[in-house]
Amino acid sequence: MRLHAGGVCHSDLNAIDGTAETRCPAVLGHEGAGVVEAVGEGVALRPGTRVLLSWLPSCGVCEECRRDLTHLCTAAWAAMDAGGLLDGTPRLSRDGESVYHYSLLSTFAERAVVPARCCIPMPDGVPFDVAALVGCAVTTGTGAVWRTAHVRPGDRVAVFGCGGVGLSAILGAVAVGADPIVAVDVAPAKLETALALGATHAVEWADGPDETAEIVFAAAGGGVDHAVEATGRTEAARAAFLSTRARGAAVLVGIPAAGAEITLPALSIPRLERRVLGSIYGSARPERDFPELLRLYARGRLPLDRLITARLPLDAVGDAFGLLRDGNPGRVVLDLDAVAA
Ligand SMILES: [Zn+2]
Ligand SMILES: [Zn+2]
């Protein structure tokens, strides 16, 4: 397929930094949208179809898929770790040596060979850059709020970490009428963005998790029902848990380093019925949820374009990671047409 836009996600940075183990050499990038150019045998998609990419093509037959947990598909996760496509082999090479795919996609490129099951057709009129974000950050953030936590109108929500996923969680919380919505971050600029997107309160990370949780707890009027953690830092996970009120849940979305552990006050779990929920890819089902998200965007009910604060050409991908490292408020996208021109 010909890619027109790609999002730059923190997981790509984790692959570069070595925080997450990734088979190398690899072409990174796992948010993208573009147009199908050619298809393999038996593929129903027609060339010319506008698609956005899901990095989680469920197999439909493994135990998790049969339990209706397609986002936990064991076949897809195993293939992803191996760095090939679904048949285990890569389609990329350099000087005769294999180059591996990142998350089955590798979207930091003008063209990509991807599994047909990763392609979700998108409506006309939706820009490619907005669609690209739906492929990871938006689905992860809104899905954590809607599908994992089942946030209801009037529920109190806190969001720790206001990057692309955290801001998407805030948009999701706004859309269902959560109130208050407390945004937490170390960077004042990111908190400004969170407030502009509908957070009702902003809390700057204090000395430690317990101190920060105390401020969030008070700002929410006595603890939150759902505390979404979108940084992957264990101290933020602890703060999220401590911010919850009785029957509240910490919703852990951020990916911690392998082997990381979290310490929590155990008594409060049974005594207050506090809970910890894990959420990957927003517990989503791309075939159902991507078109729904884009429809809400097209109707003006989910302002996903406001997440994008920088657009760069493909050869400036290094600068894009620089912006991410520097705490750029909002999402950086690559305009893959800027290169072809
Ligand atoms: Zn991502
Ligand atoms: Zn499966």
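Quick look at the numbers
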| quantity | calculated |
| --- | --- |
| Close pairs (6 angstrom Cβ cut-off, 6 or more residues apart or separate chains): at negative phi in the range 67-85, away from ligand 1 (no atom under 16 Å from the Cβ) and part of a helix (DSSP H, G or I) anywhere | LEU72/GLU64; CYS73/GLU64; CYS73/CYS65; THR74/GLU64 |
| Test result for LEU86, assigned to a loop (DSSP other than H, G, I, E, B), within 14 Å of ligand 2 (Cβ to nearest atom) and touching a helix residue (DSSP H, G or I) at 6+ places or on another chain (Cβ under 8 Å) | yes |
| Boolean, ARG147 is within 16 Å of LEU252 (Cα to Cα) and among the charged types (D, E, K, R) | yes |
| Residues (surrounded by fewer than 17 Cβ atoms within 10 Å (Cβ to Cβ) and within 15 Å of TRP146 (Cα to Cα)) located in the range 177-190 | GLY177, ASP179 |
| Any helices (runs of 4 or more DSSP H) falling wholly within the range 1-82 and containing at least 2 residues that are within 16 Å of ligand 2 (Cβ to nearest atom) | 63-66, 74-82 |
| Selected residue (criterion: surrounded by the fewest Cβ atoms within 10 Å (Cβ to Cβ)) from residues of the range 300-310 that are at pLDDT 95 or above and under 19 Å from ALA338 (Cβ atoms) | ASP305 |
| Subset of the range 199-225 (residues that are open to solvent by 30 Å² or more (accessible area, probe 1.4 Å) and either part of a strand (DSSP E or B) or within 22 Å of ASP305 (Cα to Cα) (or both)) | THR200, HIS201, ALA202, GLU204 |
| Any hit, the range 68-78, residues being open to solvent by less than 20 Å² (accessible area, probe 1.4 Å), among the hydrophobic types (A, V, I, L, M, F, W, C), closer than 18 Å to GLY7 by Cβ and at pLDDT 95 or above | no |
| The range 243-268, subset outside any strand (DSSP E or B) and within 21 Å of VAL145 (Cα to Cα), residue most open to solvent (accessible area, probe 1.4 Å) | ILE255 |
| Selected residue (criterion: farthest from ASP210 (Cα to Cα)) from residues of the range 258-280 that are in contact (Cβ under 8 Å) with a residue 12 or more places away in the chain and not hydrophobic (A, V, I, L, M, F, W, C) | SER279 |
| Complete set of residues in the range 321-341 that are under 17 Å from the mean Cα position of the chain (by Cα), surrounded by 15 or more Cβ atoms within 10 Å (Cβ to Cβ) and not in a strand (DSSP E or B) | PHE321, LEU324, ASN328, PRO329, GLY330 |
| So GLY278, is it open to solvent by 30 Å² or more (accessible area, probe 1.4 Å) and at pLDDT 95 or above | yes |
| Output for the range 269-312, where each listed residue is part of a helix (DSSP H, G or I) and among the β-branched types (Val, Ile, Thr) | ILE269 |
| Residue in the range 115-147 that is farthest from the chain's Cα centre (by Cα), counting only those that are under 21 Å from CYS59 (Cα atoms) and hydroxyl-bearing (Ser, Thr, Tyr) | THR139 |
| Selection count, the range 132-178, where residues are among the polar types (S, T, N, Q) and within 19 Å of ARG275 (Cα to Cα) | 1 |
| Residue selected from the range 1-19 under the condition within 9 Å of ligand 1 (Cβ to nearest atom) and open to solvent by 30 Å² or more (accessible area, probe 1.4 Å), by the criterion farthest from LEU45 (Cα to Cα) | HIS10 |
| Condition check for SER283: in contact (Cβ under 8 Å) with a residue 40 or more places away in the chain, closer than 19 Å to ALA178 by Cα and among the polar types (S, T, N, Q) | no |
| Pair list, Cβ under 6 Å, 6 or more apart: the range 288-310 residue small (Gly, Ala, Ser), other residue assigned to a strand (DSSP E or B) and open to solvent by less than 10 Å² (accessible area, probe 1.4 Å) | ALA310/VAL332 |
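Here's the yes/no breakdown for (1) crowded, with 20+ Cβ neighbours inside 10 Å; (2) of a type outside the set (Val, Ile, Thr); (3) within 16 Å of ligand 1 (Cβ to nearest atom):
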| residue | (1), (2), (3) |
| --- | --- |
| ASP81 | no, yes, yes |
| ASP87 | no, yes, no |
| ARG91 | no, yes, no |
| ARG94 | no, yes, no |
| SER103 | yes, yes, yes |
| ARG111 | no, yes, no |
| MET122 | yes, yes, no |
| VAL130 | yes, no, yes |
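The values are calculated or read from the model by the stated rules, or taken from the named source; none is laboratory data. Fair warning: this is a prediction, and the values are worked out from it, not measured in the lab. Backbone-built Cβ (ideal geometry, glycine too); neighbour counts: all protein chains shown. Quick note on the areas: whole protein, heavy atoms, side chains included, nothing else; ligands and nucleic acids left out. Shrake-Rupley method; radii C 1.70, N 1.55, O 1.52, S 1.80 Å.
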